[in-house]
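Read the structure below first, then the notes.
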Amino acid sequence: AVEISPEKHTGTQCLRVVCTKATGGDFGVAIDWPGVKAAPYDRSSRLGCWVRTGPKSTGGIQVTSGDWRFWKNSPREPNAIDWTESTTEFVLPAGQELTHARLHMSSSETRSSILVDDMYIIEIQPQDIAP
């Protein structure tokens, strides 16, 4: 289940995702966004969000191409009792688009919740990518 919560990182609210089935595995919530159109050249990007989780949950963000051949995940931050940034940098190859974004999580306990705020994907200069 997805809810709006006042327990924000910044601003006035954030998303709270509540695990309704304890599977011990992954689950996710699709995010409505405009996507990233293909370009004729490689582009470097930084993907991230801020998460707060419980002791038996992890959370991050994922982007994928329409055919799921290209995908990138930010790390699933475990035991993030305080707001923690989950971020990754990657190169989006020439001709590749990103059409799907979702919060990707894991929890083994029903009714555990994960807070997510300040999601972003930004284009960066190649020299700015961390080794």
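The values are calculated or read from the model by the stated rules, or taken from the named source; none is laboratory data. Computed from a predicted model, the values in this text were never measured in an experiment. The area values use the complete protein model at the heavy-atom level, side chains included, leaving out ligands, DNA and RNA. Shrake-Rupley method; radii C 1.70, N 1.55, O 1.52, S 1.80 Å.
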Alpha carbon Rg of region 5-71, scaled by the compact-globule rule 2.2 N^0.38 Å: 1.39
Gaussian network model of the chain, Cα within-10 Å springs - most flexible of Gly28, Gly54, Gly11: Gly11
Whole-number Å³ per residue for the convex hull built on Cα positions in region 44-89: 65 Å³
Those aspartates and glutamates that a straight Cα-Cα span of less than 15 Å connects to Lys21, excepting residues fewer than 8 apart in one chain: Glu109
For the chain, the spread of Cα positions along each principal axis, largest first, Å: 45, 28, 27
Share of carbon and sulfur in the accessible heavy-atom surface of region 2-88 [1.4 Å probe, %]: 52 percent
Length released on extending from Thr99 to Gln13, taking residue separation times 0.36 nm less the Cα-Cα span: 28.4 nm
Probe 1.4 Å, accessible area per residue of the chain, Å²: 55 Å²
